[in-house]
Amino acid sequence: CVERYRIRASIGEKWELEMECEIRLAQGADATDISRVIIASLRKTNAEDYSQDIIERVEKSFSPTAVSELIGKRKVYVALVNRDIVGTASLDGRVVRTVFVAPGNQRQGIGRKLMEAVEKAARDEKIDVLSVPSTITAEAFYAGLGFTSMGNRYHGDERTIVMERKLV
């Protein structure tokens, strides 16, 4: 399953860049690139809301070996621009997990396209409610997609916002 999209990104105030974004299921060979995207996003984007200790702890869950194992357990999707993996998202039962876009590719619609692929897979599996354990950083992103907060969970000092959305 490969879906291609044209995405427009504003660069400064003067011009727009149009690029093709491909969304497909991840393959085992993608694990290193997926790990790279996740860790870069954690260090740059999530570091604004979480301590260095939390970031380092979470990073350990996304080594290439760990990502390879996740690919075998979940439906993992990747977003590619110019054949480079720039984003990932996965579906684990009725739970959306591991949604990350490389820092240089954020705010270009790639995360939204990944979520569309995840939601389509959920509908195909007759799932009627999606749940996502959101970071503080991604809460507004998920709210913009129609997810609502159901409360907070803490894993030590790491705060996660549990959000849900009904699929109609």
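Considering the conditions (1) among the polar types (S, T, N, Q); (2) more than 12 Å from the chain's Cα centre (by Cα); (3) modelled with pLDDT under 95; (4) over 16 Å from Thr32 (Cα atoms), Thr135 is excluded by exactly one of them, (2).
Are any residues in the stretch 23-42 among the basic types (Lys, Arg) and either open to solvent by less than 10 Å² (accessible area, probe 1.4 Å) or over 24 Å from Glu119 (Cβ atoms) (or both), and if so, which ones? Arg36, the sole residue that qualifies.
Here Ala31 does not fit the description of being modelled with pLDDT of 95 or more, touching a Ser or Thr at 6+ places or on another chain (Cβ under 9 Å) and not in a helix (DSSP H, G or I). The residue pairs whose first member lies in the stretch 74-93 and is among the polar types (S, T, N, Q), whose second member is open to solvent by 40 Å² or more (accessible area, probe 1.4 Å) and not in a strand (DSSP E or B), and whose beta carbons are closer than 6 Å, counting only pairs six or more residues apart or on different chains, are Ser90/Arg74. Among residues of the stretch 134-168 being touching a helix residue (DSSP H, G or I) at 6+ places or on another chain (Cβ under 9 Å), part of a helix (DSSP H, G or I) and open to solvent by 50 Å² or more (accessible area, probe 1.4 Å), the one that is farthest from Thr45 (Cα to Cα) is Gly144.
Scanning the stretch 43-57 for residues that are assigned to a helix (DSSP H, G or I) and either open to solvent by 50 Å² or more (accessible area, probe 1.4 Å) or touching a Leu at 6+ places or on another chain (Cβ under 7 Å) (or both) yields Arg43, Lys44, Glu48, Gln52, Asp53, Ile55, Glu56, Arg57. Checked against (1) touching an Asp or Glu at 6+ places or on another chain (Cβ under 9 Å); (2) open to solvent by less than 30 Å² (accessible area, probe 1.4 Å), Arg94 meets all criteria but (2). Of everything listed in (1) open to solvent by less than 30 Å² (accessible area, probe 1.4 Å); (2) closer than 24 Å to Glu59 by Cα; (3) of a type in the set (D, E, K, R), the single unmet condition for Glu119 is (2).
The values are calculated or read from the model by the stated rules, or taken from the named source; none is laboratory data. Keep in mind the model is a prediction, meaning the values are calculated, not measured. Please note: Cβ atoms are built from the backbone with ideal geometry, for glycine as well, and neighbour counts cover all protein chains shown. Side chains included, ligands, DNA and RNA excluded: accessible areas come from the protein's heavy atoms. Shrake-Rupley method; radii C 1.70, N 1.55, O 1.52, S 1.80 Å.
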